[in-house]
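Shown next, in structure tokens, is the structure this report addresses.
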Amino acid sequence: MFLLNGVRIKNPSDFSIEPYMLTKATRVANGDMVMDFVANKRKFIFSYKAIDSKQLDLILDIIWRQVAVTKNCFINLTYDYNGRQEEAVVYAGSIPHKLHRGDGQLWVWKDVNFSLIER
């Protein structure tokens, strides 16, 4: 189950999490690298082999259109992880999608991929 700002969205065809360490690094006068730990963060990657326009519009409304109105770039992500619910405050990267079929009624998009990056 995946919730964006409390709204359930379609389960992705593929979902992955990329944990990474955020650091601040620089080289000192002798050429050595010094590094300070800032935080551990996660990137959540959603992929849909196919998704209809109604379901995609719901996602776009939450992570793209509402931001333009509210000016709040961050959204709440809730997801299931190893039998428990996890939460993160995230922002969206790009949201590319290709038209698979448009019959004048309900369009279907393919290869929809987007990342939500932890604040």
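Looking across the range 1-55 at every residue that is closer than 30 Å to VAL108 by Cα and out of contact with any strand residue (DSSP E or B) (no Cβ under 8 Å at 6 or more places or on another chain), the one that is surrounded by the fewest Cβ atoms within 10 Å (Cβ to Cβ) is identified as LYS54. The conditions of being closer than 26 Å to PHE114 by Cα and modelled with pLDDT of 95 or more are met by ILE17.
Whether a residue is within 14 Å of ILE17 (Cα to Cα), exposed (fewer than 14 other Cβ atoms within 10 Å of the Cβ) and modelled with pLDDT of 95 or more was assessed, and GLU86 passes this test.
Contact list please: Cβ distance under 7 Å, first residue in the range 91-114 and farther than 16 Å from GLN55 by Cβ and at pLDDT 85 or above, second residue open to solvent by 80 Å² or more (accessible area, probe 1.4 Å) and part of a loop (DSSP other than H, G, I, E, B), pairs at least six apart or on different chains. Once the first residue is farther than 16 Å from GLN55 by Cβ and at pLDDT 85 or above and sits in the range 91-114, its partners that are open to solvent by 80 Å² or more (accessible area, probe 1.4 Å) and part of a loop (DSSP other than H, G, I, E, B) give TYR91/ARG119. Scanning the range 89-103 for any residue that is assigned to a strand (DSSP E or B), among the basic types (Lys, Arg) and open to solvent by less than 60 Å² (accessible area, probe 1.4 Å) turns up nothing. Of everything listed in (1) farther than 22 Å from GLU118 by Cβ; (2) open to solvent by 80 Å² or more (accessible area, probe 1.4 Å), the single unmet condition for GLN66 is (1). Residues in the range 74-83 that are more than 15 Å from ILE9 (Cβ to Cβ) and more than 12 Å from the chain's Cα centre (by Cα) were compared, and the one that is most open to solvent (accessible area, probe 1.4 Å) is ASN82.
The values are calculated or read from the model by the stated rules, or taken from the named source; none is laboratory data. Note that the structure is a prediction, hence the values are computed from the model and not measured. Neighbour counts run over all protein chains shown; Cβ positions are idealised from the backbone, glycine included. Just the protein is used for accessible areas: all its heavy atoms, side chains included, with ligands, DNA and RNA removed. Shrake-Rupley method; radii C 1.70, N 1.55, O 1.52, S 1.80 Å.
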